[in-house]
């Protein structure tokens with residue numbers, strides 16, 4: 001009996017022990033409730049922080065481009081440059097050298113081929129000039145020359161090839177005449193301050209001298225459809241298309257209807273800046289509004305910059321300058337033309353020697369009678385279609 005009681009007590013003890021342990025386990029395990037910590041303090045949940053996108057940054061860059069007119073080397077000029085052994089044209093440009101170097105890019109119309117001594121030097125009507133003309137332009141600050149004009153073929157293919165070889169040797173960019181189709185297909189570009197300029201040049205003709213069959217690359221002739229195609233191609237490779245056009249009537253102070261038609265077609269095709277040559281006198285500049293609402297710039301003729309012609313209108317030329325502003329915002333790029341300027345120049349000589357190009361404003365009556373009057377007349381002539389035109393470089 002005692003054993004049974006003991007056994008019963010032992011069994012009850014075991015049962016009570018087990019129940020006690022189970023009760024402790026249940027009490028210690030609290031239900032997990034989302035958002036409530038085990039110490040009964042509320043957890044704070046917040047949405048992930050998404051940074052605001054930064055506004056696109058506008059990038060603005062500016063470059064200036066300048067141009068001068070005809071470099072027309074008559075025999076009096078290369079005779080003046082000859083010192084008995086070599087030809088030195090650099091003194092002729094010295095008075096305007098600082099102005100030519102003032103811009104990021106400077107363009108010139110090299111109207112006579114620098115075919116060198118191999119062909120013999122000659123002036124009007126069939127020109128061939130010394131290589132040293134190119135050296136002087138480089139020294140003065142010119143960056144690119146046009147070779148497309150009515151005198152390109154004066155002394156044939158050999159003069160063109162010789163000239164191109166020299167331009168290449170001194171690192172001067174040229175356009176408008178080429179040594180091969182491959183050379184022609186390479187559109188000339190120059191970059192300044194992150195703005196890419198492309199350059200094309202064309203002439204109305206070659207004084208009746210035929211271009212050799214199969215060598216059409218020797219000179220670009222104005223053919224509207226071809227020119228438009230090449231302008232569009234150049235536009236794809238650059239921000240600004242600069243076009244040199246050798247056209248118009250000689251010695252006429254205003255552009256003819258054909259000049260205006262060609263300029264309009266070129267601007268609508270994408271030419272941004274147009275420099276005109278050939279009349280040997282100054283013709284005004286103006287803005288051209290294109291079909292797509294853009295603005296193009298044209299100076300119909302920059303006249304002679306350095307030549308051996310007589311008559312004050314053919315001795316007065318100038319340096320045209322324009323500011324190009326490029327604005328990039330995201331994937332959108334815009335080009336704006338601003339601050340047009342023009343410095344009238346005078347190519348003086350004494351007894352067909354001592355040629356020098358001076359800013360016309362600085363010329364005294366001892367060099368040019370009524371120099372101040374000619375300066376004022378030139379200003380009025382050039383700004384009549386562009387009243388905001390300025391006549392000093394900053």
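Readers should treat all values here as calculations from the given coordinates under stated rules, not as data from a laboratory. Because the structure is predicted, anything quoted here is derived from the model rather than measured. Here the Cβ is made from the backbone with ideal geometry for all residues, glycine too, and neighbour counts use every protein chain on show.
Our compactness index for the range 68-155, the C-alpha radius of gyration over the empirical 2.2 N^0.38 Å, is 1.05. Computed per residue of the chain from DSSP H runs no shorter than four, each worth -39500 (n - 2.57), the mean residue ellipticity at 222 nm is -8500 deg cm²/dmol. Among 115, 134, 214, the largest mean-square fluctuation in a Gaussian network model of the chain, built with springs joining Cα atoms closer than 10 Å, belongs to 214. Here the relative contact order of the chain, from alpha carbon pairs under 8 Å that lie six or more residues apart, stands at 16 percent. For the chain, the Kirkwood estimate of hydrodynamic radius, built from reciprocal distances between every pair of different alpha carbons, is 24.4 Å. Evaluated at q = 0.19, 0.21, 0.26 Å⁻¹, the base-10 log of the normalised Debye intensity for the range 114-188, with identical point scatterers placed on the Cα atoms, takes the values -0.77, -0.94, -1.36.
If each residue of separation counts as 0.36 nm, what is the full-extension length gain between residue 94 and residue 384 once their alpha-carbon separation is subtracted? Here the answer is 101.4 nm.
The separation of the range 60-87 from the range 173-248, counted between C-alpha centres, amounts to 21 Å. In terms of surrounding Cβ atoms within a 10 Å radius of their Cβ, 246, 166 rank from fewest to most as 166, 246.
Remark: spin-label model distance residue 173-residue 223 equals 2.6 nm, labels positioned 7 Å along the Cα→Cβ axis.
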